[in-house]
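Worksheet: one structure, shown below.
The values are calculated or read from the model by the stated rules, or taken from the named source; none is laboratory data. For clarity, every value in this text was computed on a predicted model and none was experimentally measured. Cβ: placed from backbone, ideal geometry, glycine included. Neighbour counts: every protein chain shown. When the accessible area is computed, the model is the full protein with side chains, heavy atoms only, and any ligands, DNA or RNA have been set aside. Shrake-Rupley method; radii C 1.70, N 1.55, O 1.52, S 1.80 Å.
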Amino acid sequence: MRKNRNGHAPASAERLEKAPTGIAGFDEVTNGGVPKGRPTIVCGGPGCGKTMFAVEFLVRGATEYNEPGVLMTFEETSEEMTKNVASLGFDLKGLAARKKLVLEYVRIEPAEIHETGEYDLEGLFIRLQHAVDRIGAKRVVLDTVEAIFSGFGNTGLLRAEIRRLFRWLKDRGLTTVVTAEKGEGTLTRYGLEEYVSDCVIFLDHRVTDQVSTRRMRVVKYRGASHVADEVPFLIDERGFSVMPSTSMKLNHVVSNQRVSSGVKDLDEMLEGKGFYRGSSILVSGTAGSGKTSLATHFAQDTCRHGERCLYVALEESPAQAMRNMRSIGIDLEKYVKKGLLRFEAWRSTQSGLEMHLLQIHKLVEQHKPTAVIIDPITNLLLGNKNELHSMLMRLIDFLKTKQITGFFTALTSGRNREIEESDVGISSLIDTWIFARDVELNGERNRCIYVLKSRGMAHSNQVREFLMSKNGIRLLPVYVGNGTVLTGSARLSQEARERADNLLRQQTKEEKRRVLDGKRKALEAQIEAMRFELAQEEARVALLTQQEEQRERDISQDMLEMVSFRAGGAGQGKALGQNGRVGDVHEG
């Protein structure tokens, strides 16, 4: 391929065309599938899943991409192969009847082979060409390649025939998967196939601490980028599944929508709105502190709003968990019957971490939940803590890419500040971390809860006591006495003392009020008497004033009449007096 000055292929250059396998997660890991029209080696030890991968490659191609295929086996007969893959839901006979698949069994017995003269694969090519032409096949599987050369030891001839086989397949544009057994120190038994193949996939089935794990690695992929790291895969009743690499990216979208925790009082501690949709929530705490009860409240509220929830229990069976939750007024069974709640339970020791992760992936794809609960994640801590951290990191990123709210519980141990450290070491990955613990005081243990952190929102820093009853969980307001948060009987005792103190203060206040009222009434009576005396005095003064004014008016009138008499009757002998009588007027 010609490259520009920067060493990159020009934009107009033709890129390698890929054929999607239809295997869950594999096409994402390889960015499109296997190279189209080219051979791919799938190698590994016994029981690692090579044949299952190859058969699913053919079945998915025939059913989903309308690409008929040829399955040529050298170790198992067509009948044996049909029965072996029937457990995965693959009907090879049905596909063969619809001319979507050709089953060819080529019997090769090394003891019957004698290497004499020229040896080639011309007979195999003729038989394979006939099968391809019969249905117009686009895909071919050869299982396994070692069987073809099992009776021969000429390495030079072996190399030449393998090259010729792969070239024959490539010239006809057949997308081929060839299975090969792992060799000692090499990817394949003869150590030749991987050099002439365009793509090499290595499958591994390992057992660590009595726990089996299946992993896949794309060792080589000519002309294309791919994930080079080991990725886990799972083989179950639905076939071959690989963990998609997209769950490792940090390009997920975020939502401003809030979802309730299912506990009203807890929502109030989170701005009164609850969690962000698509965020990750961790409820950690000591044994019996109410972690599972909080998880089931969240599950109930999710289903109550008509949304789907996936609940993965690692300690209790679904029946036991649902029975226990009825004691606090939560009926999960009705949501299970409605199909809103998917309750899954298994032991953490039944498989490796990657298998747990893939199981959750598949359940999410099937159930399409808006919330996933895992209770508790600390049960997965069976070996290396770093592996658990890696697994949980991928799970959290996977849920975030799908805008699924993740709710996890974790058991903590230790005392004081130690218990605020997550045993699984994922606190930095969590958006909202709630801590529940028991407080020992006055010979009893009581539950308390507080929010250690909640990204993107203001949250309460209070330590709240919470009670569980037949009506669910209720968080009590902060109650502080003597500088400490009181719970249980200490709280009740303090409340009783404060009620008594309040009553005494109220009674004292009432007594003071009664004394004050008495004094007020006495003073008001005195004021009223003084006002009456003042009114009487004012009336008496007013009467005297009126009499004095009347006397003064009479005197003034008499004097005016006297003056008038003297001025008008000087020459007369008699004049009218004041009393109207006529009399003599004398001078002097």
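Within the range 211-238, the set of residues being loosely packed, with under 15 Cβ neighbours inside 10 Å and free of Cβ contacts under 8 Å to residues at least 24 places away in the same chain comprises A228, D229.
Take the residues in the range 350-360 that are of a type outside the set (S, T, N, Q) and more than 23 Å from G339 (Cα to Cα); name whichever of them is most open to solvent (accessible area, probe 1.4 Å).
Top of the filtered list is L353.
Results for (1) acidic (D, E); (2) at pLDDT below 90; (3) touching a helix residue (DSSP H, G or I) at 6+ places or on another chain (Cβ under 6 Å), shown as yes or no for each residue.
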position	(1), (2), (3)
G25	no, yes, no
T30	no, yes, no
T40	no, no, no
V55	no, no, yes
G61	no, no, no
E67	yes, no, yes
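Specify which of the listed residues (N256, N324) is at pLDDT 90 or above, outside any helix (DSSP H, G or I) and among the polar types (S, T, N, Q). First the steps, then the outcome.
Values: N324 fails: outside any helix (DSSP H, G or I).
The match here is N256.
Counting only residues that are in contact with a Lys or Arg (Cβ under 7 Å, 6 or more places away or on another chain) and within 21 Å of G136 (Cβ to Cβ), the range 37-56 holds 3 of them.
Give me the residue from the range 337-349 that is in a helix (DSSP H, G or I) and modelled with pLDDT of 80 or more and, out of that set, least open to solvent (accessible area, probe 1.4 Å). Give the derivation first.
The initial filter retains those residues of the range 337-349 that are in a helix (DSSP H, G or I), namely 337-338, 348-349.
From the residues that got through so far, the ones that are modelled with pLDDT of 80 or more too are 337-338, 348.
Numbers: K337: 159, K338: 139, S348: 12 Å².
Across the range 337-349, the extreme among qualifying residues is S348.
Of the residues making up the range 296-316, those that are open to solvent by 40 Å² or more (accessible area, probe 1.4 Å), at negative phi and modelled with pLDDT of 90 or more are R304, H305, E307, R308.
A quick yes/no check of all residues on (1) assigned by TED's automatic domain parsing to the domain that holds K337; (2) aromatic (F, W, Y); (3) in contact with a Phe, Trp or Tyr (Cβ under 9 Å, 6 or more places away or on another chain):
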{"position": "L270", "(1), (2), (3)": "yes, no, no"}
{"position": "Y276", "(1), (2), (3)": "yes, yes, no"}
{"position": "S279", "(1), (2), (3)": "yes, no, no"}
{"position": "S284", "(1), (2), (3)": "yes, no, yes"}
{"position": "T292", "(1), (2), (3)": "yes, no, no"}
{"position": "D301", "(1), (2), (3)": "yes, no, no"}
{"position": "R308", "(1), (2), (3)": "yes, no, no"}
{"position": "P318", "(1), (2), (3)": "yes, no, yes"}
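Of all the residues in the range 15-39, those that are surrounded by fewer than 24 Cβ atoms within 10 Å (Cβ to Cβ) and more than 37 Å from the chain's Cα centre (by Cα) number 7.
When E79 is tested against the conditions (1) free of Cβ contacts under 8 Å to residues at least 12 places away in the same chain; (2) touching a strand residue (DSSP E or B) at 6+ places or on another chain (Cβ under 7 Å), the lone failure is (2). Of the residues contained in the range 299-309, none is found to be hydrophobic (A, V, I, L, M, F, W, C), touching a strand residue (DSSP E or B) at 6+ places or on another chain (Cβ under 9 Å), in a loop (DSSP other than H, G, I, E, B) and farther than 17 Å from R447 by Cβ. Only one of the listed residues (S225, S247) is modelled with pLDDT under 80 and outside any helix (DSSP H, G or I). That residue is S225. Restricting K368, K385 to those that are in contact (Cβ under 8 Å) with a residue 40 or more places away in the chain and closer than 20 Å to S260 by Cα reduces the list to K368. When residues in the range 258-295 are screened for being surrounded by 22 or more Cβ atoms within 10 Å (Cβ to Cβ), free of Cβ contacts under 8 Å to residues at least 60 places away in the same chain and hydroxyl-bearing (S, T, Y), 1 of them pass. Set side by side, the residues L363, L381, L392 differ, and just one is at pLDDT 80 or above, in contact with a Leu (Cβ under 9 Å, 6 or more places away or on another chain), of a type outside the set (K, R) and open to solvent by 10 Å² or more (accessible area, probe 1.4 Å), which is L363.
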